Amino acid sequence: MTSDPAPAIRVHNLSKTFRKGFQTTRALDEVSLEIVSGEMVALIGASGSGKSTLMRHISGLMLADKAGDGMIEVLGYPVQEGGRMARGVRLVRGRVGVIFQQFNLVDRLSLMTNVVLGVLGRIPAWRGWFGLFTRDEKLRALEALRRVGIDQYASQRASTLSGGQQQRAAIARALVQGAEVILADEPIASLDPESARRVMENLARINREDGITVVVSLHQVDFATRYCPRTVALRDGQVVYDGPSEALTHEFLRELYGAAGEELILPGPIGGPAPKARSAAHLRPASA
Amino acid sequence: MTVIDNTGSAAQAMPQLQLPERDLKRSLVNLAGWAVALAVLAWAWEGSEMNPLALVQDSANMAEFASGFFPPNFHEWPTMLQEMLVTIQVAIWGTVLAVVCSIPCGILSSKNIVPWWVYQPMRRLMDAARAINEFVFAMLFVVAVGLGPFAGVLALWIHTTGVLAKLFSEAVEAIDPNPVEGIRATGADGIHEVIYGVIPQVLPLWISFSLYRFESNLRSATVIGIVGAGGIGMVLWEFIRGFYYAETAAVMIIIIGTVTVLDMISQVLRERFT
């Protein structure tokens, strides 16, 4: 954690109710959260616990309930308040990089073009309309691709790359964007273990080297304890734990989530050279 | 659980299979549907004065009439080809102008891009452009801008814009919203979202639709000449009106040949883009 205590993200009393017919689901229940600039925080929880919903609210892609005083501030700028999008939200979005579970690259555009689009929020709009990106901006895109290790595919269409490579390209796009905060919403949920490890390592590296605040929602706690010093755990839209990731032993998780906790635990070690190696003793018990 | 088979032990655990019961209500509805369909056919038969017997009774007349077409008379082929080229030129410009207009009109008719108070009026406008046949538009434009191919271009342009905008917007409504969200999250504006998130996804379909419309515009362009909007249709109409059936046959052969060749070219192009 840095010595600078400025809050990068401030969520206060945020609630979100989904209505479908006569059924209402409380996806977020008065969530309050503060994340300091330069932190790398994991957001964990079982499916349906509200991780993605919270992420989408912070990135200004979804509006909270109108009732109540729920509000979100990112880098000191309001994103939404009382269920209304703030005026300058597009400028805030430009400073926040979002990484999605499904990568959200444009398949038919080259990797290079996908990544250079990160500058759209910072350049005059008309330059973007006509695709007039400067040499400098293109070089920056290439540089970002090199940092995540896929610059050799720059001219290929995004659709020709593997999921892990596409996700790293999405990280490169956030780098080109000059994002000060990166919100990664289940970035490794649809990747194989090796690609997942690489994506997490890239996120950890840009957090370490560039001081970018990273919030990453994860399905499996093992990745949280390995890469993120701090974890926020959600259950049924409420924060049930907020503290050092090391405290999240498997026993504690079972206590927090009961039987649902099982899905948060990886059946095996993450693999690769591990900073905090886990032994096979954490294998899931035979019957849950 | 009933034992229905004692040859295998695995089958013993299976409950007896039962066919779903026949639903009386559904069969009745089905039957009623057929009755309505037949009634519509009978009703339309009356109105269109269908008379298959005439085909047999007047077959001698028809044979004589048809014989007038043979052999086709190509004596005036330079004029015919010249006018055929004009028809192709009309189809090209009618289609190009329509494609250019259909891009904004198609986007503005898409539910997932603009609010209802934009797409509803836009869609109704496109409905109107589509509802009126290009033949009718041609007659109106001949009055407005005078006889000649330009009236034909205008007619094709309006009608095709109506058609293509609808097809374009249907393609846009079927896109994957995720990449668009990815673009939005970088702080891009709405136009950026369309240019980089939407258009790359729909482009192959749009190209295919446009080429297909060029094919049908070429066919339409041969007809709109009849109302004075230039091209081969005008020549065709002159010959038919003057009872020059051998020449009419020649023009028809030229039209068939041209349309076939251009259809084939456009088909090859379309396959390359999808």
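The values are calculated or read from the model by the stated rules, or taken from the named source; none is laboratory data. Predicted, not measured: the structure shown is a model, and the values here were computed from it. Using ideal geometry, Cβ is built from the backbone for each residue, glycine included, and neighbour counts are taken over all protein chains shown. Quick note on the areas: whole protein, heavy atoms, side chains included, nothing else; ligands and nucleic acids left out. Shrake-Rupley method; radii C 1.70, N 1.55, O 1.52, S 1.80 Å.
Just a few scattered comments:
- Each principal axis of the Cα cloud of the stretch A:45-174 was evaluated for its coordinate range; sorted largest first, these ranges are 50, 38, 23 Å.
- Averaged over the residues of A:100-112, the number of partner chain Cβ atoms lying within 10 Å of the residue Cβ comes to 4.
- Interchain or long-range residues, amide H under 5 Å from A:Leu28's placed H: A:Lys16
- Within the accessible area of the protein assembly as shown, the carbon and sulfur atoms contribute 61%, probe 1.4 Å, all protein chains present.
- Chain B - percent relative contact order, Cα under 8 Å, separation 6 or more: 23
- Prolate/oblate/rounded call for the stretch B:47-167, Cα gyration tensor, a/c under 1.5 rounded: oblate
- Order of exposure, largest accessible area first, which applies to A:His12, A:His219 with probe 1.4 Å: A:His12, A:His219
- Whole-number D in µm² s⁻¹ for chain B, Kirkwood Cα-pair radius fed into Stokes-Einstein, 20 °C, 1.002 mPa s: 91
- Cα-based shape type of the stretch A:28-82, given that a ≥ b ≥ c are square roots of the gyration tensor eigenvalues and the cut on a/c is 1.5: oblate
- Sorted largest first, extent of the protein assembly as shown alpha carbons per principal axis (Å): 99, 79, 47
- Rounded to 10°, Cα long-axis angle of helix B:24-47 versus longest principal axis of chain B: 10
- Distance in nm between pseudo-label sites at A:Leu91 and B:Leu203 (7 Å out along the Cβ direction from Cα): 3.3
- Peptides ranked, highest mean first, by Cβ atoms within 10 Å: ranges A:52-59, B:79-86: A:52-59, B:79-86
- The GNM of chain A, with springs linking C-alpha atoms under 10 angstrom apart, assigns the highest mean-square fluctuation among A:Ala158, A:Ala174, A:Ala247 to A:Ala247.
- Between A:Glu30 and A:Thr249, the FRET efficiency from the beta-carbon distance, with R0 = 22 Å, is close to 0.20.
- Across every pair of non-identical alpha carbons in the stretch B:169-274, the mean reciprocal distance, once inverted, gives a Kirkwood radius of 16.9 Å.
- A Gaussian network model of chain B, with springs between Cα atoms under 10 Å, assigns the largest mean-square fluctuation among B:Ala188, B:Ala155, B:Ala42 to B:Ala42.
- R0 of 35 Å, Cβ-Cβ distance B:Glu76-B:Val40: FRET efficiency to nearest 0.05: 0.15
- Think of the stretch A:7-264 as having a plus end and a minus end, set by charges on the Cβ of Lys, Arg, Asp and Glu; of A:Pro193, A:Asn207, A:Ala169, A:Ala169 sits farthest toward the positive end of this dipole.
- Once the Cβ-Cβ distance of B:Ala60 and B:Gln120 is raised to the sixth power relative to R0 = 41 Å, the FRET efficiency obtained is 0.10.
- Each distinct pair of alpha carbons in the stretch B:12-97 adds a 1/r term; the inverse of their mean, the Kirkwood radius, is 20.8 Å.
- Here's the list of lysines a cross-link from B:Lys166 could span, going by alpha-carbon distance under 23 Å and ignoring same-chain residues fewer than 8 apart: B:Lys111.
- Between helix B:149-173 and chain B there is an angle of about 10 degrees, using the helix long axis and the longest principal axis of the Cα atoms.
- Here the 3J(HN,Hα) profile of the stretch B:238-253, calculated from phi with Karplus coefficients 6.51, -1.76 and 1.60 at θ = phi - 60°, is 4, 5, 5, 5, x, 6, 8, 6, 5, 5, 4, 4, 4, 4, 4, 5 Hz, Gly and Pro shown as x.
- Helices in the protein assembly as shown, meaning DSSP H runs of at least 4 residues, each add -39500 (n - 2.57). Divided by all residues, the mean residue ellipticity at 222 nm is -16500 deg cm²/dmol.
- Given charges at beta-carbon only (K, R positive; D, E negative), |dipole| of the stretch A:7-264 in Debye: 1180
- Virtual spin-label span in nm between A:Glu81 and B:Met264, 7 Å along Cα→Cβ: 7.0
- Distance between the pseudo-spin-label points of A:Glu194 and A:Arg208 (7 Å out from Cα toward the beta carbon): 2.2 nm.
- Residues whose placed amide H lies under 5 Å from that of A:Val79, excluding near-sequence neighbours: A:Ile72, A:Glu73, A:Val74
- Cβ neighbours within 10 Å from other chains - mean over A:113-121: 5
- Signed unit charges on C-beta, dipole axis of the protein assembly as shown, positive-most listed residue A:Leu91, B:Pro104, B:Tyr119: A:Leu91
- Protein accessible surface hidden between A and B, which excludes ligands and nucleic acids, total in Å², probe 1.4 Å: 1900
- Set of lysines with alpha-carbon distance to A:Lys66 below 23 Å, sequence-local pairs under 8 removed: A:Lys16, A:Lys20, A:Lys51
- Gyration tensor (alpha-carbon) shape descriptor, chain A, a/c threshold 1.5: oblate
- Protein heavy-atom accessible surface, 1.4 Å probe, per residue over the protein assembly as shown: 53 Å².
- Backbone geometry of the stretch B:178-185 corresponds, through the Karplus equation with coefficients 6.51, -1.76 and 1.60 at θ = phi - 60°, to 3J(HN,Hα) couplings of 4, x, 5, 5, x, 5, 4, 5 Hz, x marking Gly and Pro.
- Candidates B:Gly146, B:Gly187, B:Gly257: whichever shows maximal mean-square fluctuation once chain B is modelled as a Gaussian network with Cα springs under 10 Å: B:Gly187
- Across peptide A:88-98, the average count of Cβ atoms from other chains found within 10 Å of a residue's Cβ is 3.
- Magnitude of the charge dipole, the stretch A:103-235, Cβ model with Lys/Arg +1 and Asp/Glu -1, debye to 20: 200
- Principal axis box of the stretch B:121-207, alpha-carbon based, largest edge first, Å: 53, 25, 19
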